[in-house]
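The values are calculated or read from the model by the stated rules, or taken from the named source; none is laboratory data. Remember, predicted model here, so these are calculated numbers, not experimental data. With ideal geometry, Cβ positions are generated from the backbone for all residues, glycine too; neighbour counts draw on all protein chains shown. We work out accessible area using only protein heavy atoms, side chains counted, and drop any ligands, DNA or RNA first. Shrake-Rupley method; radii C 1.70, N 1.55, O 1.52, S 1.80 Å.
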Amino acid sequence: MAGWVTRALVLAVLHAVAAVLRAKAAVFRPTDLDTLTVGIIALLVGASALWAALDAWRGMPDRGRTWFIAALVAGPVSGVLDVAGRAMFVDRTGLEALPDALTGGAAFTALLILVPAWLGLFAGERIGRRAGETAEPDQPKAKPAG
């Protein structure tokens, strides 16, 4: 299976579950959403950034394109799963919520995956480069002739 497919599906499910849990909490505890929302967004950002950093650290080929495609696919898939999850577990959301989920919701989800992933790729690349430099034994530097 292509790398972007795995990332897209896992992150789409993670984002949809987070959205459904937040919607469920909004029904039962509407005044306690601030902390929950911050925690959920931190979890989602951390998952994307950490996974991308590990990809860069391991030297996965074509990782930038992989994360770009994964984010673009995960957005709409997460929107569909979010509407289905709300319909089943929260408040019988109908198909009228699908256009909003496939436009604004999908774009927000894609950005919530893509921006932390790019930061993770940058950080993982730097960590991998630094680890490669320290893994080599210290050799005395030769003096230039002349």
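Before moving on, here are some points about what is shown:
- Surface composition of region 1-132: carbon and sulfur atoms hold 71% of the protein heavy-atom accessible area at a 1.4 Å probe.
- Charge dipole of the chain about the Cα centre (unit charges at C-beta), most positive-ward option of Ala101, Phe68, Ala16: Phe68
- Scattering curve values for region 1-125, log₁₀ I(q)/I(0), Debye with Cα scatterers, q = 0.17, 0.20, 0.22 Å⁻¹: -0.82, -1.05, -1.19
- Here region 35-91 is treated as a Stokes sphere of Kirkwood radius computed over C-alpha pairs; at 25 °C and 0.890 mPa s its diffusion coefficient rounds to 185 µm²/s.
- In plain terms, the chain is cut at each of the trypsin sites (Lys or Arg not before Pro) found in a DSSP loop with at most 15 other Cβ atoms within 10 Å, and the longest leftover piece is 1-91.
- Across the chain, the relative contact order, built from alpha-carbon pairs under 8 Å that are at least six residues apart, equals 35 percent.
- Relative contact order computed over region 71-111 (Cα-Cα under 8 Å; 6+ residues apart), in percent: 60 percent
- With K and R counted +1 and D and E -1, the other residues having a Cβ less than 15 Å from that of Leu50 yield a net charge of +2.
- Over all pairs of different C-alpha atoms, region 60-135 has a mean inverse distance whose reciprocal, the Kirkwood radius, equals 14.2 Å.
- The charge dipole of the chain, taken about the Cα centre with unit charges on the Cβ atoms of Lys, Arg (+1) and Asp, Glu (-1), comes to about 320 debye, rounded to the nearest 20.
- The residues of region 11-106 present an accessible area of 58 Å² per residue when probed at 1.4 Å with all protein chains retained.
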